[in-house]
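The values are calculated or read from the model by the stated rules, or taken from the named source; none is laboratory data. Note that the structure is a prediction, hence the values are computed from the model and not measured. A quick note on method: Cβ atoms are made from the backbone with ideal geometry, for glycine too, and the neighbour counts reach across all protein chains shown.
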Amino acid sequence: MQWTCPIRVGAERHPESQALTFGGRRWTYRELDEGVGRWVAALQSRGVKAGDRVGLLATSHAAVVHLFFALGRLGGVLAPLNARLTRAELQPLVEDVAPRFTLALGALAERLPGAVPLESFADAARASPDSTPLEPNTPRVILFTSGTTGRPKGAVLTEGNFRASARGSEGNLGAHPGPRWLGTLPLFHVGGLAMLTRTAYDGGCLVLRERFEAEDTNRAIDEEGVTHASFVATTLERVLEARKDRRVPSTFRLALIGGGPVPAPLLARARAAGILALQTYGLTEACSQVTTEHPEESDGRTAGRPLPGMEVRIVSPEGEALGPGREGDIEVRGPTVMAGYLNRPEATRETVRDGWLRTKDMGMLDERGRLTVLSRRTDLIVRGGENIYPAELEAVLASHPAVQEAAVVGVPDARWGEVPVAFVAMRGGASLPEDLGAWCRESLAGFKVPARFLSIEALPRNAMGKLERTVLRQRALST
């Protein structure tokens with residue numbers, strides 16, 4: 001099986017349809033195809049050929065889109081680096097990638113010594129028609145995991161991974177003639193790249209933004225015909241706050257919500273504003289989404305069923321497959337699972353066994369095959385032999401009318417081994433109410449109630465909106 005660059009396909013089938021917008025500029029498929037051709041020529045002038053890697057340090061930018069598809073036409077591999085990392089953090093990642101050369105946006109260049117300026121890279125090039133057929137196992141991207149439990153590992157994702165992810169998402173959400181995805185997730189993370197590839201394969205338009213801003217997001221929804229978006233709970237709430245719960249236009253179809261469970265009151269609030277918010281579960285090693293709620297059966301209670309073509313199972317520590325309602329480790333199998341970790345064969349063998357990706361997350365399936373994510377394995381709290389899942393406590397705290405958001409982490413305890421500590425951000429900057437413990441006891445067993453409640457202005461999150469629990473643990477230990 002071989003594929004042609006989707007931008008070239010779009011230029012042949014619907015050349016005047018919009019493919020990309022960014023910074024006030026718009027590109028049709030014909031224009032983007034011509035632009036990608038110039039980038040192909042610029043890469044060739046640097047000697048890039050099939051299998052070569054190019055490192056990149058950039059926030060989301062139209063140049064990144066051109067680079068991604070140009071590398072695809074040459075069989076090259078993009079290694080986007082997290083734009084929030086320091087120079088010292090970036091150095092070992094570049095060493096792992098061993099790129100032919102690196103590119104960087106001007107504002108970030110000092111962190112990547114020797115990098116070529118991204119913005120002007122293809123300015124003097126003339127379009128090249130060269131295009132290498134893409135195959136399912138063609139590596140396309142190396143994405144480094146967050147590295148919260150050690151040195152980051154580079155997950156190698158293939159063309160087949162991205163196409164399978166797009167097919168699975170469309171199979172779950174339903175086809176849309178010319179979707180317009182709002183791209184506020186960074187293109188150095190899998191969620192942003194999944195939106196980029198999904199829109200290209202579907203013949204849609206990526207409405208790309210450098211970063212998320214609530215007011216700008218609402219303008220895009222109201223004035224730019226955006227049909228789809230991806231949020232986390234905090235950004236969804238900021239969008240609703242900024243628009244004062246005003247209903248979205250009928251052109252807006254749905255929003256995918258990642259980064260963990262969403263409080264039920266927030267989902268209800270989104271529905272009231274006309275936003276169909278679907279919870280998801282995914283990870284870098286599975287090319288973004290693994291499970292997602294179906295639009296016609298979403299209730300906000302689970303992360304939904306596996307996408308078409310994907311399998312999810314729950315296993316015991318001994319590897320036994322568990323039935324519905326049983327808690328255990330989440331494992332994933334299907335065409336979106338990565339090719340492996342770059343230069344880490346042992347880590348690859350440990351993570352992918354017999355085709356099953358061992359996620360190190362914990363969850364359970366219901367009778368309908370829908371997944372509930374209980375915790376990351378490293379987030380599990382064991383108090384006196386009893387398992388405590390932070391997500392359960394966080395959902396109870398988030399349902400308190402005065403609570404903006406909450407996170408729970410475990411800290412060592414001389415008597416119990418470990419106890420939960422809750423960080424709580426209040427609405428309007430109010431002080432912590434005295435009834436939080438009582439509020440928790442109404443819904444939780446006594447051993448699950450946090451030992452302490454600590455006030456915080458806002459929870460620390462990374463560029464993808466994922467909670468940085470390590471930061472909270474350190475703060476809990478020092479408080």
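Structure values in brief
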read-out: Residues located in segment 341-373, provided they are surrounded by 17 or more Cβ atoms within 10 Å (Cβ to Cβ) and within 14 Å of Thr291 (Cβ to Cβ); value: Leu357, Thr359, Asp361, Gly363, Met364, Leu365, Arg370, Leu371, Thr372, Val373
read-out: Qualifying positions in segment 392-412 - closer than 17 Å to Arg469 by Cβ and in a strand (DSSP E or B); value: Glu405, Ala406, Ala407, Val408, Val409, Gly410, Val411, Pro412
read-out: Those residues of segment 416-468 which are assigned to a helix (DSSP H, G or I) and within 31 Å of the chain's Cα centre (by Cα), in sequence order; value: Arg427, Gly428, Gly429, Cys440, Lys448
read-out: Selection within segment 279-296 - surrounded by fewer than 21 Cβ atoms within 10 Å (Cβ to Cβ) and either touching a Cys at 6+ places or on another chain (Cβ under 7 Å) or free of Cβ contacts under 8 Å to residues at least 40 places away in the same chain (or both); value: Glu296
read-out: Glu110 vs. criteria touching a Lys or Arg at 6+ places or on another chain (Cβ under 8 Å), over 29 Å from Ala277 (Cα atoms) and among the acidic types (Asp, Glu); value: yes
read-out: Residue satisfying all of: in segment 110-131; out of contact with any Cys (no Cβ under 9 Å at 6 or more places or on another chain) and of a type in the set (S, T, N, Q); farthest from Phe69 (Cα to Cα) among these; value: Ser120
read-out: Residues within segment 122-168 that are aromatic (Phe, Trp, Tyr) and surrounded by fewer than 21 Cβ atoms within 10 Å (Cβ to Cβ), tallied; value: 0
read-out: Criterion (touching a strand residue (DSSP E or B) at 6+ places or on another chain (Cβ under 9 Å), among the aliphatic types (A, V, I, L, M) and surrounded by fewer than 21 Cβ atoms within 10 Å (Cβ to Cβ)) met by exactly one of Val396, Val408, Val382; value: Val382
read-out: Tabulated pairs, segment 432-454, first without any contact (Cβ under 8 Å) to a residue 40 or more places away in the chain, second in a strand (DSSP E or B) and hydroxyl-bearing (Ser, Thr, Tyr), C-beta under 9 angstrom, 6+ apart or interchain; value: Leu432/Ser455
read-out: Matching residues, segment 301-317, being surrounded by 14 or more Cβ atoms within 10 Å (Cβ to Cβ) and more than 15 Å from Ser165 (Cα to Cα); value: Arg301, Thr302, Ala303, Gly304, Arg313, Ile314, Val315
read-out: Top-ranked residue of segment 229-247 - restricted to ones that are in a helix (DSSP H, G or I) and of a type in the set (D, E, K, R), ranked as surrounded by the most Cβ atoms within 10 Å (Cβ to Cβ); value: Glu237
read-out: So Ala391, is it closer than 23 Å to Asp329 by Cα and touching a residue at least 60 places away in the same chain (Cβ under 8 Å); value: yes
read-out: Enumerated strands (runs of 3 or more DSSP E) restricted to segment 142-218, each holding at least 2 residues that are in the same structural domain as Ala339 (by TED's automatic domain parsing) and aliphatic (A, V, I, L, M); value: 205-208
read-out: Cβ pairs under 9 Å, 6+ apart, first in segment 414-429 and over 20 Å from Leu459 (Cβ atoms), second crowded, with 16+ Cβ neighbours inside 10 Å; value: Trp416/Arg383; Trp416/Ala451; Gly417/Arg383; Glu418/Ile381; Glu418/Arg383; Glu418/Ile388; Glu418/Gly410; Glu418/Val411
read-out: Hits in segment 299-358 - residues which are closer than 13 Å to Leu371 by Cβ, touching a residue at least 60 places away in the same chain (Cβ under 8 Å) and not β-branched (Val, Ile, Thr); value: Arg301, Ala303, Gly304, Arg305, Pro306, Leu307, Met310, Glu327
read-out: Among the candidates Val97, Val116, Val48, residue that is in contact with a Gly (Cβ under 7 Å, 6 or more places away or on another chain) and more than 30 Å from Gly465 (Cβ to Cβ); value: Val48
read-out: Filter result (within 16 Å of Gly465 (Cα to Cα) and of a type outside the set (A, V, I, L, M)) within segment 196-251; value: Arg209, Glu210, Arg211, Phe212, Glu213, Thr217, Ser230, Phe231, Thr234, Thr235, Glu237, Arg238
read-out: Filter pass, Gly429 being on the phi > 0 side of the Ramachandran plot and surrounded by 18 or more Cβ atoms within 10 Å (Cβ to Cβ); value: no
read-out: Helices (runs of 4 or more DSSP H) completely within segment 1-109 that count 2 or more residues being out of contact with any Cys (no Cβ under 8 Å at 6 or more places or on another chain), at pLDDT below 95 and surrounded by fewer than 22 Cβ atoms within 10 Å (Cβ to Cβ); value: 87-97
read-out: Output for segment 234-256, where each listed residue is under 24 Å from Ala395 (Cα atoms) and not hydrophobic (A, V, I, L, M, F, W, C); value: Thr234, Thr235, Glu237, Arg238, Glu241, Lys244, Asp245
read-out: Residue in segment 248-255 that is crowded, with 23+ Cβ neighbours inside 10 Å and over 23 Å from Pro401 (Cα atoms) present; value: no
read-out: Selected residue (only one of Ala406, Ala402, Ala438, Ala414 is closer than 30 Å to Leu85 by Cβ and small (Gly, Ala, Ser)); value: Ala406
